[in-house]
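The values are calculated or read from the model by the stated rules, or taken from the named source; none is laboratory data. In this text the structure is predicted, and so the values were computed from the model without any measurement. Positions of Cβ are generated from backbone atoms using ideal geometry, with glycine treated the same way; all protein chains shown enter the neighbour counts.
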Amino acid sequence: MDHRVKRSIRVAEPVLDGNEALYVMDCIQSTWISSRGTYIDRFEQLLAEYCQVPYAVVTNNGTTSLHLALAAAGIGPQDEVIMPTLSYIATANAATYCQAKPVFVDCEQDYLSIDPERIEQAITPRTKAILTVPLYGHPVDIDPIEQIAQRHGLLVIEDSAEAIGALYKGRRVGSLADASSFSFFGNKTITTGEGGAITTSNKELADRMRFLRGQAVDPSKNYWHPEVGFNYRMTNIAAAIGTAQAERLDVHVQRRQEVARWYFEELADSEDIFQLPRSAPWAQHSYWMYTVLMRPESAVDRDAWIGRLAQEGIESRPVFYPIHTMPMYRERTGSYPVAERCSRLGINLPTHGKLTREDVRYVCHHAIATWKSLYRSPTQTVRRAA
Ligand SMILES: *Cc1c(COP(=O)(O)O)cnc(C)c1O
């Protein structure tokens, strides 16, 4: 393959090659385009079955679904919610919308999940829940966290937006916590354009989420609202796309896992310069994003590297900035060295179901070549300075 022939490779792309168009057309022809219609139930059923739980509640995005889960679980003012600092901003914002306080914990550097060893020291009398995030598709080691939660009487909620299809000890992400939130944004493993869902085995919680999702209307007295609710409903059109996506969930997950296998093959000889994604023995990774971390001694500037990849037509993205570094969550007390290092050294390479073997080879060739072109060994740097 000639790597000089420039390609254009996006970091994420939806795959809409099932019944999506058919079902959307059905919504339009039947005029059921708003938030009532049969696709809502069908999508919820498929999600619940796939996640091995009795209930799924869909919403209009993965931020509202997480907010809805926390609100329905009774998280409120003065409560504290323990969560990893290395996540997407929505994880912390959802707690803030409840007027609760996000309490950040560092991650471990193998799977980029919350470090279970550091959870207990973050617990106070105000702690209500532990919010875990299976980052980039690797499940969280939930058993020790569940034990901590039980000892202290806390809820465990997962922001599993990135991990549909992942397995923990043979159990599906979505069935591991009191409630698990998913996102169906356009770059996620399955998409509805914008969309979200919560899965749970708790009927009371599912009922409460349905109630709050639809402006808390009294089921037996229309237009009577005994509480402040939300309009977080998904449209039937979005659910139509979701139904078609969910019918082929296994395929969507397998395609990503195949892309990850190609990355591992192409990068096998680069482990001295990159830390490749790791999978625990108890985990099946769903590879929402294939993530590489430059080795700690790397003198390469991450953003410069992203820029060089872009010149080759390869879109990539930085590992999330730790949430405790954002202006509204800035903290001076905690210490989060692992999250800060992973963020500084990490990028997500293109990961989606339309990539070909040749695309992955092209990405890896340029990932290595651009990294090397930017690399100055520490001795070279010293010599240049002198
Ligand atoms: C995508 C994502 C969400 C939800 O995002 P929306 O764009 O609101 O659907 C929440 N948490 C994490 C970790 C995510 O990656």
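Only one of (1) away from the ligand (no atom under 13 Å from the Cβ); (2) crowded, with 23+ Cβ neighbours inside 10 Å; (3) under 18 Å from the mean Cα position of the chain (by Cα); (4) not basic (Lys, Arg) fails for residue 111. Which number is that?
Tallying (1) away from the ligand (no atom under 13 Å from the Cβ); (2) crowded, with 23+ Cβ neighbours inside 10 Å; (3) under 18 Å from the mean Cα position of the chain (by Cα); (4) not basic (Lys, Arg), residue 111 fails exactly one: (2).
Can you say whether residue 92 is among the aliphatic types (A, V, I, L, M), touching a strand residue (DSSP E or B) at 6+ places or on another chain (Cβ under 6 Å) and either without any contact (Cβ under 8 Å) to a residue 24 or more places away in the chain or more than 16 Å from the ligand (Cβ to nearest atom) (or both), as far as the supplied structure shows? Talk me through it step by step, then tell me what you get.
Numbers: among the aliphatic types (A, V, I, L, M): yes; touching a strand residue (DSSP E or B) at 6+ places or on another chain (Cβ under 6 Å): yes; either without any contact (Cβ under 8 Å) to a residue 24 or more places away in the chain or more than 16 Å from the ligand (Cβ to nearest atom) (or both): no.
Spelling it out, it is not the case that residue 92 is among the aliphatic types (A, V, I, L, M), touching a strand residue (DSSP E or B) at 6+ places or on another chain (Cβ under 6 Å) and either without any contact (Cβ under 8 Å) to a residue 24 or more places away in the chain or more than 16 Å from the ligand (Cβ to nearest atom) (or both).
Of the numbered conditions (1) in contact with an Asp or Glu (Cβ under 7 Å, 6 or more places away or on another chain); (2) under 24 Å from residue 180 (Cα atoms); (3) within 15 Å of the ligand (Cβ to nearest atom), residue 100 fails exactly one; give the number of that condition.
Just one mismatch for residue 100, condition (3).
Which of (1) within 16 Å of the ligand (Cβ to nearest atom); (2) touching a Pro at 6+ places or on another chain (Cβ under 7 Å) does residue 230 not meet, given it meets every other one?
Only one criterion is unmet by residue 230, namely (2).
So, residue 360, is that one over 18 Å from residue 86 (Cβ atoms), within 24 Å of the chain's Cα centre (by Cα), not assigned by TED's automatic domain parsing to the domain that holds residue 101 and not in a loop (DSSP other than H, G, I, E, B) or not?
Numbers: over 18 Å from residue 86 (Cβ atoms): yes; within 24 Å of the chain's Cα centre (by Cα): yes; not assigned by TED's automatic domain parsing to the domain that holds residue 101: yes; not in a loop (DSSP other than H, G, I, E, B): yes.
Yes: the conditions hold for residue 360.
Quick one: which residue in 148, 241, 237 is in the same structural domain as residue 35 (by TED's automatic domain parsing), part of a helix (DSSP H, G or I) and in contact with a Cys (Cβ under 6 Å, 6 or more places away or on another chain)?
Exactly one of 148, 241, 237 is in the same structural domain as residue 35 (by TED's automatic domain parsing), part of a helix (DSSP H, G or I) and in contact with a Cys (Cβ under 6 Å, 6 or more places away or on another chain), namely 237.
Out of the residues in segment 151-168 that are crowded, with 17+ Cβ neighbours inside 10 Å and assigned to a loop (DSSP other than H, G, I, E, B), state the one that is farthest from the ligand (Cβ to nearest atom).
The qualifying residue farthest from the ligand (Cβ to nearest atom) is 154.
Looking at segment 276-318, which of its residues are closer than 30 Å to residue 173 by Cα and over 20 Å from the mean Cα position of the chain (by Cα)?
The answer is 281, 294, 295.
Exactly one condition in (1) surrounded by 22 or more Cβ atoms within 10 Å (Cβ to Cβ); (2) not assigned by TED's automatic domain parsing to the domain that holds residue 128 is false for residue 56; which is it?
Exception for residue 56: condition (2).
Just to verify a result, which residue in segment 286-314, among those that are modelled with pLDDT of 95 or more and among the basic types (Lys, Arg), is nearest to the ligand (Cβ to nearest atom)?
That would be 302.
If residue 256 meets every condition in (1) within 29 Å of residue 156 (Cα to Cα); (2) over 18 Å from the mean Cα position of the chain (by Cα); (3) among the basic types (Lys, Arg) apart from one, which number is that one?
Only one criterion in (1) within 29 Å of residue 156 (Cα to Cα); (2) over 18 Å from the mean Cα position of the chain (by Cα); (3) among the basic types (Lys, Arg) is unmet by residue 256, namely (2).
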